[in-house]
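Read the structure below first, then the notes.
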Amino acid sequence: MNMIDIIQKKKEGKSLSREEIKWFIDGYVAGDIPDYQASALLMAIYFRGLNKEETFQLTEAMRYSGDTIDLSPISGIKVDKHSTGGVGDKTTLVVAPLASACGVPIAKMSGRGLGFTGGTVDKMESIPGFRTALAPQEFLDQVNHVGMAVIGQTAHITPADKKLYALRDVTATVDNFGLIASSIMSKKLAAGSDAIVLDVKCGDGAFMENKEDAVKLAELMVEIGNNAGRKTVAAITEMGQPLGKAVGNSLEVIEAIETLKGKGPDDITQLALRLSGIMVYLGGKASSPEAGLKMTEAALADGRGLAKLRAFIEAQGGNPQVVDDYNLFPEHSVEDRLIAQSDGYVSKIEARRIGLSSQHTGAGRATKEASIDLSAGIYVCKKVGDKVEKGETLAIFYGNDKAKVDAAMAEAQKAFEIGAEPVEPPELIKEIIGL
Ligand code: URA
């Protein structure tokens, strides 16, 4: 086989065989295929697409390009949850404790933020002492004893995806259905859980801007997961405005804690209950998703979800007192407010701009190597549909660098639209696929 023939074949719109896909992935990971040929193939794929069979084969080749995790030492049905990424998405920090409190073991790997989206690993690292790297045995033991563990992606899992994703990022080939689906699902399958709940974000702050595309991506991923013998369900959820009100690492952890105390914003609360309810069902602890929802509602109401979060933080070396004392989180020294210039109703809050604005405060990184300010970010005081009066605060900005906070405010100002007419808040959960 040779790479020129493979590129030529895809350029002509023909399907690649299992052998050709595997040969490419193995050769690329081994360093035998240079970036310029891999880039040419990615661009050919971008324009010609991958059919389902090619997408399955690419997923499998990437899944087995490095280590896979064996979760069999953990008893019970392990259920994973994955979000395609968004702004203010702290769902894992609420969903995992709730599902775990209902008896579902959670052994999860999460990522860091890049660009305008955040990542759970960065958020957890805002908890003083919290360790996101655990030795494999420690990880398994913690799930068996505490019921949940969340760690960063290890270097040895799906190295093909790591390398290809970095290349896609700089060759404008990220936004392709087959490439996104195989990238996400190769990691989920390698991570070893028995069932997977996907939160496919839809809107201006997500990869998929409209519902039609989000459904197409979700259906593809559900099919890949089920084909691989993992029961997979996807929810299409709103990302036209930020989820919840907090955007930025420690701010989002605090909002997750507040949500587990029953005092969180309505959208994050409803989404977390629904997704964790599905996880409880897939984990065999409830007879239906509706029964699962009732169980997670009870775990929220009686504090078992919060207690689980506390135990999880402590088990991973974090200071569990953060749950009661938010002053223990990293501190900001600069604070400013965006003020409404007119009366009316909030008709739009562009999630992407709020994500960029949060990045400007210092909360996000522009390159993989950049360091971040864990205290920085934005608190969105008014959401779409809210009535607002001139002079009221639309959002509060936090950080440690006045110039950065000023830049963040300038960006966020463009994100808000206030209209004269009342506006219905957008539908939070648009569709569920695979139940
Ligand atoms: N997230 C991933 O892990 N991969 C993609 O291709 C897109 C989003």
Matching residues, the range 86-114, being within 16 Å of the ligand (Cβ to nearest atom) and touching a Leu at 6+ places or on another chain (Cβ under 9 Å): Gly86, Val87, Asp89, Thr91
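When you go through Val405, Val423 one by one, which is the residue that is β-branched (Val, Ile, Thr) and in a loop (DSSP other than H, G, I, E, B)?
It is Val423.
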task: Would you check which residues across the range 204-237 are open to solvent by 10 Å² or more (accessible area, probe 1.4 Å) and either within 15 Å of the ligand (Cβ to nearest atom) or of a type in the set (Lys, Arg) (or both) and list them?
output: Phe207, Met208, Glu209, Lys211, Asp213, Lys216, Leu220, Arg230, Lys231
- request: Just name the residue that is nearest to the ligand (Cβ to nearest atom) out of those in the range 160-186 that are closer than 16 Å to Lys201 by Cβ and small (Gly, Ala, Ser).
  value: Ser183
query: Going through the range 410-426 one residue at a time, which ones are within 13 Å of Leu338 (Cα to Cα) and open to solvent by less than 30 Å² (accessible area, probe 1.4 Å)?
result: Glu411, Ala412, Ala415, Phe416
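With respect to Val197, is the statement that it is in the same structural domain as Val95 (by TED's automatic domain parsing), in contact with a helix residue (DSSP H, G or I) (Cβ under 9 Å, 6 or more places away or on another chain) and either modelled with pLDDT under 95 or within 18 Å of Gly355 (Cβ to Cβ) (or both) true?
no
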- line: The condition from (1) farther than 30 Å from Arg18 by Cα; (2) open to solvent by 10 Å² or more (accessible area, probe 1.4 Å); (3) touching a Phe, Trp or Tyr at 6+ places or on another chain (Cβ under 8 Å) that Leu114 misses is numbered (3)
Pairs, first of a type in the set (A, V, I, L, M) in the range 358-376, second at pLDDT below 90 and not in a loop (DSSP other than H, G, I, E, B), C-beta under 9 Å, six or more apart: Ala366/Leu114
message: Condition first: in a helix (DSSP H, G or I) and open to solvent by 20 Å² or more (accessible area, probe 1.4 Å). Now tell me which residues in the range 342-378 satisfy that.
response: Arg352, Arg353, Leu356, Gln359, His360
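The values are calculated or read from the model by the stated rules, or taken from the named source; none is laboratory data. All values reported here derive from a predicted model rather than from experimental measurement. Heads up, the Cβs are rebuilt from the backbone with ideal geometry, glycines too, and the neighbour counts pull from every protein chain shown. To get the accessible areas, we keep the full protein, side chains included, count just its heavy atoms, and leave off ligands, DNA and RNA. Shrake-Rupley method; radii C 1.70, N 1.55, O 1.52, S 1.80 Å.
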